[in-house]
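Q: Below you'll find the structure I mean.
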Amino acid sequence: MENSMGNSIVDKLQGEYEQQTGRYLNGNRISRCMLLVGLVCMVIGLVNREQTALMALFFVLAVGSWVAGVLIGQNRKRAFSTYVGQTVTKQVMEEYFQVDELIMNGETPLDEIRSAELFWNYNRIIGSRVIRGRLHGVPFQCSNVTLDETTGTANKNTRVFSGQYLFIECREPVDGTIRILDKENPVRTLVQGCRPVKLSSVLEFDDLFEVSATDAAAARNYLTEDRRKALVECKKLIRNKGGEETAQLNLMIKGSRIYAALGSGVFLFHHQTELRKLEELVEYYSLDADYVCRAAELLRV
């Protein structure tokens, strides 16, 4: 984001952000005081343990103070996180794309993930930050997702995927289904009806991806040299965002829709877990929003 754009957001939200920060800090102070009161009540109760009724009273006061302290702290943290997510995050996003709906927690696009058929070996899905919006008028959806395989009686977790699932309309519809799997994807299984497709060589693309489709001619027609180069750039974008170890790009293109799994290894728009200056949050969220935009644009070349 340009400095002028970021500064305008900071100027607009600074007063309100300081108020929310003050409430959060005051809530923490009250929470700590209640915990301290609970400790004092417990000590007094122990000192008077020979007087059963008095000891019981102070024990009840101690437990009540601790419960109140914990609840106050949790409520203020939740309120601050909600404010940052629904106000600061959305304000930054809207400088990059139209936001139709922003869900911070509690929803995962299960149907789309299963429809994409990009991964098979998982039985646990965790998701957050569902964004539904429009980029240059084109509808899209992006969400943070992790896929794990849980095995054994000890519930051992193996991470299958971590990053973003992004769904967006194609620039032009395709006949049938095209699957483009990253060679870093450990389970590259052909779905029913798809067959490997041989394309004219684009060296970096050939090194990174495998292509299969229900209609080889349609796949060749769609995957022009420019589009394959754009996918190579998208893989580089993902690598720069998360690192070499986790970077993956897997896609299914079906009809008029692109289903993409961006294996960045990081969750976007999650920086409010720590109390930061507003300028820092705006900068972090700007980088995340720019990443979503650039990935979507490269997928739609």
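Q: How far is the Cα center of the range 192-230 from the Cα center of the range 67-92, in Å?
A: A separation of 46 Å, based on Cα centres.
Q: Would you please state which residues of the range 75-93 a label at N105 would reach in this model, taking the label point 7 Å out along Cα→Cβ and a backbone N cut-off of under 20 Å?
A: In the range 75-93, the label zone of N105 (backbone N under 20 Å from the point 7 Å along Cα→Cβ) covers 75-91.
Q: Could you work out, for the chain, what percent of all Cα-Cα pairs fall into each 20 Å distance bin, beginning at 0 Å and stopping at the bin that holds the largest distance?
A: Calculated over all Cα pairs of the chain, the distribution is 28, 44, 21, 6, 0 percent.
Q: Ok, one more. Work out which trypsin sites (Lys or Arg not before Pro) in the chain are exposed loop sites (DSSP not H, G, I, E or B, at most 15 other Cβ within 10 Å) and give the longest gap free of them. Don't jump to the answer; show the numbers that get you there.
A: Values: sites that count: R49, R171, K183, K198, R276, K277.
Formally, the longest exposed-site-free interval is 50-170.
Q: Ignoring everything except DSSP H segments at least 4 long, calculate the 222 nm mean residue ellipticity for the chain; use -39,500 (n - 2.57) per segment, divide by total residues, nearest 500.
A: Details: 8 runs with 141 residues, N = 301.
It lands at -16000 deg cm²/dmol.
Q: What number comes out for accessible area per residue over the chain if the probe is 1.4 Å? Units Å², please.
A: Working: 15350 Å² over 301 residues.
Per-residue accessible area for the chain comes out at 51 Å².
Q: Suppose we take every Cα in the range 228-268 and form the convex hull; what volume per residue is that in Å³?
A: Values: hull volume 2.9 nm³, N = 41.
Once divided by residue count, the hull of the range 228-268 is 71 Å³.
Q: Pairs K12/K77; K156/K198; K198/K254; K90/K236; K12/K229; K12/K236: which are spaced more than 29 Å apart, C-alpha to C-alpha? Let's see the in-between values first.
A: On the way: K12/K77 23 Å; K156/K198 39 Å; K198/K254 19 Å; K90/K236 27 Å; K12/K229 40 Å; K12/K236 35 Å.
Pairs exceeding 29 Å: K156/K198; K12/K229; K12/K236.
Q: For the range 59-134, which GluC sites (Glu not before Pro) are in a loop by DSSP, counting at most 15 other Cβ atoms within 10 Å?
A: Of the GluC sites (Glu not before Pro), the ones in loops of the range 59-134 whose Cβ has at most 15 other Cβ atoms within 10 Å are E94, E107.
Q: Accessible area, 1.4 Å probe, largest first: how do M93, M34 sort?
A: On the way: M93 0, M34 55 Å².
In descending accessible area the options line up as M34, M93.
Q: Picking from A213, T108, G193, whose Cα lies most toward the positive end of the charge dipole for the range 105-232 (charges on Cβ: Lys, Arg +1; Asp, Glu -1)?
A: T108
Q: A further question on this structure: With every atom except the alpha carbons ignored, what do you get for Rg and Dmax of the range 158-301, in angstroms?
A: For the range 158-301, the Cα-based Rg and Dmax read 16.2, 54 Å.
Q: Separate question: Ignoring ligands, DNA and RNA, what percent of the accessible area of the range 184-285 is carbon or sulfur (1.4 Å)? Walk me through the intermediate numbers first.
A: Values: 2340 of 5110 Å².
With neighbouring chains kept in place, the figure for the range 184-285 is 46 percent.
The values are calculated or read from the model by the stated rules, or taken from the named source; none is laboratory data. Since the structure is predicted, the reported quantities are computational estimates derived from the model, not experimental observations. Positions of Cβ are backbone-derived with ideal geometry, glycine not excepted, and every protein chain shown enters the neighbour counts. What goes into the accessible areas is simple: the full protein's heavy atoms, side chains included, and nothing from ligands, DNA or RNA. Shrake-Rupley method; radii C 1.70, N 1.55, O 1.52, S 1.80 Å.
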